[in-house]
Amino acid sequence: MASGTDFPFNIMDVASLLRLNIRRRSEPRVVYADCPICGDRRGKLGLYPDINTWRCWHCGEHGGMLHLYAKVCHTGTSEAY
């Protein structure tokens, strides 16, 4: 997996583009949001800014920031970039 320095944006930029509902922050390690994939509204989606990854602790989906955008927008990671 590529590091966050390979991109001109980070997972928090992706979260902003997707208009994710941020529930709480456990700075600097994790930001919790509602999951746009499974629809869980309890802040089970963990965003990890230091490594630009995410995991939903409800549905188990996970991946890199491009995968999150691609999954929500029903596209591939190349197009997501």
Inset, instruction - Please compute P(r) over all alpha-carbon pairs of the chain, binned at 10 Å starting from zero, and give each bin as a whole-number percent. - result: 20, 59, 21, 1
Legend entry - Solvent-accessible area per residue, Å², over the chain with all protein chains present [probe radius 1.4 Å]: 62 Å²
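Quote the charge dipole size of the chain about the Cα centre in Debye, to the nearest 20; the model charges only the Cβ of Lys and Arg (+1) and of Asp and Glu (-1). Walk me through the numbers on the way to the answer.
Working: 10 positive and 8 negative charges, 90 e Å.
So the dipole magnitude of the chain works out to roughly 440 debye.
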Inset, instruction - Between residue 50 and residue 78, take the C-beta separation as r, use R0 = 30 Å, and let me know the FRET efficiency to the nearest 0.05. - result: 0.75
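Give me the percent of the accessible area of the chain that comes from carbon and sulfur atoms, probe 1.4 Å, all protein chains in place. Don't jump to the answer; show the numbers that get you there.
Details: 2380 of 4990 Å².
Reported share for carbon and sulfur atoms: 48 percent.
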Inset, instruction - Identify unpaired cysteines across the chain, taking unpaired to mean no other cysteine Cβ lies under 4.7 Å from the residue's Cβ. - result: 73
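Determine the gain in length on full extension of the stretch residue 26-residue 7; use 0.36 nm per residue of separation and subtract their C-alpha separation, reporting nm with one decimal.
Working: separation 19, 0.36 × 19 = 6.84 nm, distance 2.36 nm.
Stretched out fully, the residue 26 to residue 7 stretch lengthens by 4.5 nm.
The values are calculated or read from the model by the stated rules, or taken from the named source; none is laboratory data. Fair warning: this is a prediction, and the values are worked out from it, not measured in the lab. Backbone-built Cβ (ideal geometry, glycine too); neighbour counts: all protein chains shown. These accessible areas exclude ligands, DNA and RNA; they are computed on the full protein's heavy atoms, side chains included. Shrake-Rupley method; radii C 1.70, N 1.55, O 1.52, S 1.80 Å.
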